[in-house]
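Participant: Okay, handing you the structure first.
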Amino acid sequence: MKVYKDYGDLPKIKLPLDQEVCISDSTIRDGAQMPGIVLKSGHKVRIYDYLHEIGIEKLETFVYNERDRKAIELMLDRGYEVPEVTGWARAKTEDIDQVLQIDGLNETGILMSVSDVHILEKMGLPSREAAEERYLEALQYAVDHGLATRAHVEDMTRADNYGFVYPMIEKIMEIDPECTIRICDTIGYGIPFDGVDEPYGIPSITKYLKDEIGVKNIESHCHDDFGFGFANSMAAYWYGANWSNVTFMGIGERAGNAEMEKLLLFLNQRVEGFEKYNLDIITEFSEFMQKEIGIRVPRNKAVVGKNVFSHESGIHAAGAIKNPFTYEPYPPEVVGGERIFLIGDSSGTEVLRYKIQETLRELLEVQITVEKRDPRLKSIQKDIQALYDNEKRVSCISDEEIQGYVEKYFLFEPVVEKNMSRESEYSGEYVPDPLSRKKKKDV
């Protein structure tokens, strides 16, 4: 019989191909293109520090302006082994020259747009053949000058892969057998389900690159327009990719990218063999992004939302108080988070009792037990419910307000006074009332 009563009891899954997988970051490049976001050099370096602490293997960055180059210089001065700082270029020799001018950059991505709308309308090229010629020339130039390469196959999930993209990738591999082929789901049309073929199926694309063309390094880069960013990234791993390119908190153009924190958490908690990443600074990293970069995070956003470890409703809060495993999928300390119990319109006696005991402990600096039958507890619950019943309240009760109720009912207005040597009939142990005694002495 299988019994699942604790996190350690739950089995982890395995990647079917058992390959080593890595993560590359695009927060500084693609994430910086998010409307309304400006990343200063100092921001980029601080992000780099966080990525280093986590253990992310690579990051990519623009090299076009002075601010970009200053940030790269500061990052390289850190002397970190990871993340490796890599460049990014359009399929133009002048762009690749800019990468080559920066000492310490040994790899570059090269943008290769492959959908017809990108080739003919965005780039204004006359044909697919012209696009292929430009891409291969740029790749050859980078290889000839000693750079490792990544082919950013843009808009692959809206392209003629069998008729154009796959034959071109075969030529890419002839030029650079180590080239990383990036599956770019640029507009989020990718589908993570096996059996979905041309042009949407991330599993079918990944398998074709690996099995039919023999690509050694396959990387996903998935946007979240249809909400499949993370799922498509995992699907690529599942069917043979060894890299995933993501952004922290999913920042980026439109609906953003696959979220790094989701990928890290899933690998760390659910998949065998991925303890290499340090997740306990995830919450701190997200707070930096919110405070310094101005990213607004929904309270219910997975991993980094404020509500991830917050409990309010009666049944859920009571379960989490007794055993967090009941309603928390992983302990908050995994990502550097904190468990919070809130009082709201759906809160029951158990969570209110917990908050009252917590407040008494802070006020009196002793461990206090409040019984469920204590009339003071019932009085506080009645007062709070009256706020919601009268529709005068649309938010949770703050800790300061709870303290006010505790002071009113437990300190200033004791229900009954007894000899100090005897226990109160309302609690498991005697609760001294120093403020009440002080008032009598003064009188």
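Quick note: the coordinates plus some simple rules give every number you see, no bench work behind them. Please read these numbers as outputs of a predicted model, since none were measured by experiment. With ideal geometry, Cβ positions are generated from the backbone for all residues, glycine too; neighbour counts draw on all protein chains shown.
Participant: So what J values fall out for the range 232-243 if you push phi through Karplus, 6.51 cos²θ - 1.76 cosθ + 1.60 with θ = phi - 60°, rounded to Hz, Gly and Pro as x?
Facilitator: With coefficients 6.51, -1.76 and 1.60, one gets 5, 5, 5, 4, 4, 4, 4, 9, x, 5, 10, 9 Hz.
Participant: Pick from M289, M173, M123: which residue has the top mean-square fluctuation in a GNM of the chain where Cα pairs under 10 Å get a spring?
Facilitator: M123
Participant: What value does the range 172-236 have for Rg/Rh, both radii from Cα atoms and Rh as Kirkwood defines it?
Facilitator: 0.98
Participant: Fully extended, how many nm does the chain gain between E391 and R67 (0.36 nm per residue separation, minus their Cα-Cα distance)?
Facilitator: Gain on stretching E391 to R67: 111.4 nm.
Participant: According to the Cα gyration tensor, what semi-axes, each the square root of 5 times an eigenvalue, does the equivalent ellipsoid of the chain have, listed from largest to smallest in whole Å?
Facilitator: 56, 23, 19
Participant: Separate question: If you count, for each residue, the other Cβ atoms within 10 Å and average over each peptide, how do 126-132, 361-367, 403-409 line up from highest to lowest?
Facilitator: The most tightly packed comes first, giving 403-409, 126-132, 361-367.
Participant: A follow-up question, please. If the cut-off is a Cα-Cα distance under 17 Å, which lysines reach K322, setting aside same-chain residues fewer than 8 apart in sequence?
Facilitator: K5, K355, K372
Participant: For L120, L100, what's the fewest-to-most ordering of other Cβ within 10 Å of each Cβ?
Facilitator: Taking fewest neighbouring Cβ atoms as first place, the list is L120, L100.
Participant: Here's a follow-up. Of K58/K216; K210/K301; K306/K378; K14/K276, which pairs sit farther than 23 Å apart, going by alpha carbon to alpha carbon?
Facilitator: In this structure, K210/K301; K306/K378 lie more than 23 Å apart at Cα.
Participant: What is the angle, in °, between the Cα long axis of helix 260-270 and the longest principal axis of the Cα atoms in the chain? Nearest 10 is fine, range 0 to 90.
Facilitator: Taking the Cα atoms of the chain, the angle to 260-270 is about 70 degrees.
Participant: Using θ = phi - 60° and the Karplus curve 6.51 cos²θ - 1.76 cosθ + 1.60, what whole-Hz ³J(HN,Hα) does each residue of the range 325-339 get, with Gly and Pro shown as x?
Facilitator: In residue order, the calculated couplings are 4, 4, 10, 10, x, 7, x, x, 5, 4, 10, x, x, 9, 6 Hz.
Participant: Same structure, new question: Rounded to the nearest 5, what is the percent of antiparallel bridges among the DSSP beta bridges in the chain?
Facilitator: If I count the DSSP bridges inside the chain, around 5 percent turn out antiparallel.
Participant: For a quick check: with amide H placed at 1.01 Å from N, whose amide H comes under 5 Å from E259's, ignoring anything fewer than 5 positions away on the same chain?
Facilitator: Amide H neighbours of E259: F230.
Participant: Can you pull the Kirkwood radius for the range 1-86, inverse mean 1/r over Cα pairs, to one decimal in Å?
Facilitator: About 15.2 Å, per the Kirkwood formula over Cα pairs.
Participant: Calculate for the chain the 222 nm mean residue ellipticity that helices alone would give, adding -39,500 (n - 2.57) per DSSP H run of length 4 or more and normalising by residue count, nearest 500 deg cm²/dmol.
Facilitator: Counting only the DSSP helices, I get -10500 deg cm²/dmol.
Participant: Per 10 Å bin, what percent of the C-alpha pairs of the range 235-283 does each bin hold, from zero upward?
Facilitator: 23, 53, 23, 1
Participant: May I ask for the distance between the Cα centers of the range 204-255 and the range 89-161, given as a whole number of Å?
Facilitator: 19
Participant: Same structure again: With all distinct Cα pairs included, what does the Kirkwood hydrodynamic radius of the range 64-106 come out to in Å, to one decimal, could you say?
Facilitator: One decimal place: 10.9 Å for the Kirkwood radius.
Participant: Then there's this: If contacts are Cα pairs under 8 angstrom and at least 6 residues apart, what is the relative contact order of the chain in percent?
Facilitator: 12
Participant: Grab the eigenvalues of the alpha-carbon gyration tensor for the range 51-176, scale each by 5, take roots, and send me the semi-axes largest first in whole angstrom.
Facilitator: So the three semi-axes of the range 51-176 are 29, 15, 14 Å.
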